[in-house]
Amino acid sequence: MDSNINKETLKHLMELARLEVGGDKEEKLLKDIKSILSYFEELQSLDTQNIEPMTGGTNLKNVFRGDEERENSFRGSGAELFPESQDGFLKIPAIFKEKNAQ
Amino acid sequence: MISLRDLTLKNFHEKLVKKEFLALEIAQAFFKYIKETDQKINAYVNLLEEDALKDAERVDLLIQKGEDLPPLAGVPLAIKDVILIKGHLATASSKMLENYRASYDSTVIKKLKEQNAVFLGKTNLDEFAMGSSTENSAFKTTKNPYDLERVPGGSSGGSAAAVAAHIAVASLGSDTGGSIRQPAGFCGIVGLKPTYGAVSRYGLMAMASSLDQIGPMTKTVEDASILFSAIAGGDKMDATSQNINYGEELLNPDFKKVKNLTVGLPEEFFAKGIDKTVSAGLDQVIKEIESLGLKIKKISLPHAKYALSCYYIIMPAEVSANLAKFDGLRYSPVNGVDRKNLDLSELYKQNRSVGFGEEVKRRAILGTFVLSSGYYDAYYNKAQKVRSLIKKDFDEAFKTVDVILSPVSPTPPFKIGEKTDDPLEMYLSDIFTIPINLAGVPAISIPVNNWNKISPLPLGFQLIGKHFREVDILGLGRYYEELK
């Protein structure tokens with residue numbers, strides 16, 4: 001397994017994760033991640049050919065509630081605790097750029 | 001007037017019922033003591049004085065009316081700041097949620113409110129529960145009450161320090177890879193991580209959803225049983241939770257049954273690399289448990305050594321998914337980000353770059369990597385298979401033993417700043433606690449009896465039980481602490 005992670009990979013990952021580290025911190029982050037990934041090499045020596053992956057913390061399956069109509073009592077709750085709200089909606093700054101400035 | 005330091009959940013209730021004090025006067029005394037002490041310790045990030053005093057007063061009214069009191073009525077508790085209490089700040093010790101007020105009560109809080117418990121405040125943690133020392137908090141560093149130059153452990157360092165410093169009678173923490181047990185060990189208190197699914201995670205800010213559990217952090221094992229009993233139970237708001245009937249033995253263990261438990265010592269956990277003092281502590285514990293009449297035998301957990309790698313693939317993967325919702329818009333604005341002239345994508349990047357600390361970013365990037373196309377099979381899928389192997393080890397071991405004994409941490413509490421340069425070194429603090437979360441079994445960290453005779457710093461050990469057999473580890477723990 002080639003975990004050849006480099007500056008390009010890091011840039012791609014930061015794009016995917018929607019975050020950045022300051023330019024001077026990038027080198028250390030890359031170094032730390034490389035060292036952590038190389039630690040993972042030990043897993044490659046394990047034979048897991050016929051092993052089922054464990055997909056969660058429990059063996060519970062199909063924990064559904066009945067398909068019944070019910071009131072959504074949560075709508076708007078918590079909005080009054082948000083710094084700015086109106087009629088149960090959260091007020092945030094405009095997020096789309098004006099295409100044609102007026 | 002009783003000393004606050006002598007209070008336990010058990011004796012608080014007894015004295016309250018006997019009217020030796022009022023709930024209100026105790027709550028007031030705690031806030032006075034917190035203001036005198038917490039500047040040195042930094043256990044709390046937010047105090048809830050107004051509500052706490054109101055709730056304490058309400059309990060006193062119930063007593064006046066001659067009403068029956070639940071076991072936790074009026075009890076002053078501290079709550080880790082990843083557990084939501086409606087209307088109050090819930091920051092996860094992160095700039096990302098600095099201004100976030102919880103819009104609902106977590107189920108554990110709802111249950112404690114039904115018993116009229118009192119919440120003194122929210123405690124400090126490693127940001128978003130990521131860390132083993134509480135040094136990753138965006139706001140402050142909590143100190144170990146036994147040595148202010150050392151860490152209290154993490155991520156539930158504030159909760160551990162609050163109990164150890166007697167500025168709360170008990171607290172709630174959360175544990176994903178050791179975050180209750182390791183700080184409990186470092187601060188000389190008891191910390192229980194329940195079986196995955198024993199306690200509802202509704203209202204716990206999710207870190208790694210297949211590993212997280214909320215648990216009690218207390219002065220005694222008996223207190224841990226009382227608090228666990230109050231918060232445990234299936235919840236329709238958490239589909240991974242289960243209702244288990246623990247029976248009488250949870251609060252009143254039967255010594256005859258406890259004596260018949262067989263205790264296993266995993267050879268992989270007693271190999272070299274453990275600090276001499278920690279070893280000495282374990283040796284003492286083994287002798288003490290033998291003196292109770294229990295059989296001890298050697299067992300093996302052959303895949304335990306892969307647990308760290310397995311965990312540091314699975315956990316960051318789940319973290320990257322769980323933290324994707326934090327955009328600096330939904331829950332709380334991020335201070336210090338100038339929103340003007342930023343389009344949405346840039347705004348997300350700015351908010352997340354300023355709002356998240358270094359460790360959070362490191363894990364989010366790592367998680368993004370192991371889930372990304374081309375690497376998913378080699379890392380994430382592989383780790384899930386290794387997880388099955390680790391769980392199977394425990395299933396096998398538990399065919400011949402009932403309880404497993406191990407160290408909690410390879411070293412005594414380390415100095416503040418000692419491990420912050422090398423993340424991998426910090427991750428290694430959790431080698432004894434991580435396998436337990438991967439397998440989903442319950443485990444408790446208990447202070448070594450009279451540890452101060454063999455160590456200047458607190459020493460703990462770990463008892464691991466079968467799934468939903470908290471009764472076994474709490475029962476053995478209680479008889480162990482009575483030997484003191």
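Readers should treat all values here as calculations from the given coordinates under stated rules, not as data from a laboratory. Given the structure is predicted, the values throughout are model-derived calculations rather than measurements. Cβ placement follows ideal geometry from the backbone for every residue including glycine, while neighbour counts extend to all protein chains displayed.
Summary of computed values
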| item | result |
| --- | --- |
| Translational diffusion coefficient (Stokes-Einstein; Kirkwood radius from C-alpha pairs) of the stretch B:1-140 at 4 °C, 1.567 mPa s, in µm²/s | 82 µm²/s |
| More than 45 Å apart - percent of Cα-Cα pairs taken over the protein assembly as shown | 14 percent |
| Antiparallel bridge percentage (DSSP; both residues within the protein assembly as shown; nearest 5) | 65 percent |
| Calculated P(r) tail over 34 Å for chain B, as whole % of Cα pairs | 30 percent |
| Protection proxy ranking of B:366-375, B:88-97, B:335-344, A:27-36 - average other beta-carbon atoms within 10 Å, highest first | B:88-97, B:366-375, A:27-36, B:335-344 |
| MRE, 222 nm, helices only [DSSP H, n ≥ 4, -39500 (n - 2.57), over the protein assembly as shown, to nearest 500] | -11000 deg cm²/dmol |
| Count of lysine pairs in the stretch B:260-322 with Cα separation under 15 Å (8 or more residues apart, or interchain) | 4 |
| Euclidean distance of C-alpha centroids, the stretch B:447-473 and the stretch B:203-269, integer Å | 14 Å |
| Set of lysines with alpha-carbon distance to A:Lys28 below 19 Å, sequence-local pairs under 8 removed | A:Lys7, A:Lys11, B:Lys361, B:Lys419 |
| Span per principal axis, largest first, for the Cα atoms of chain A (Å) | 58, 51, 27 |
| Where the Cα pairs of the stretch B:115-266 fall when distances are cut into 5 Å bins, in % | 2, 10, 17, 20, 20, 15, 9, 5, 1, 0 |
| Proximal aspartates and glutamates to B:Lys32, defined as alpha-carbon separation beneath 14 angstrom and excluding residues fewer than eight positions away on the same chain | B:Glu49, B:Glu50 |
| Cα-based equivalent ellipsoid of the stretch B:354-444: semi-axis lengths in Å, sorted from largest, via gyration tensor | 27, 23, 9 |
| Cα-derived Rg to Rh of the stretch B:272-337, Kirkwood definition | 1.30 |
| Cα-Cα over 21 Å, subset of B:Lys257/B:Lys391; B:Lys325/B:Lys349; B:Lys19/B:Lys122 | B:Lys257/B:Lys391; B:Lys19/B:Lys122 |
| Most fluctuating residue given options A:Gly23, A:Gly57, A:Gly76, as computed from a GNM of chain A linking Cα atoms under 10 Å | A:Gly76 |
| Charge tally in the Cβ shell below 13 Å around B:Pro413, where Lys, Arg are +1 and Asp, Glu are -1, B:Pro413 excluded | -1 |
| If the convex hull is drawn through the Cα atoms of the stretch B:237-292, its volume per residue in Å³ | 179 Å³ |
| Estimated D of the stretch B:115-175 in µm² per second, where Rh is the Kirkwood radius over Cα pairs and Stokes-Einstein applies at 20 °C, 1.002 mPa s | 186 µm²/s |
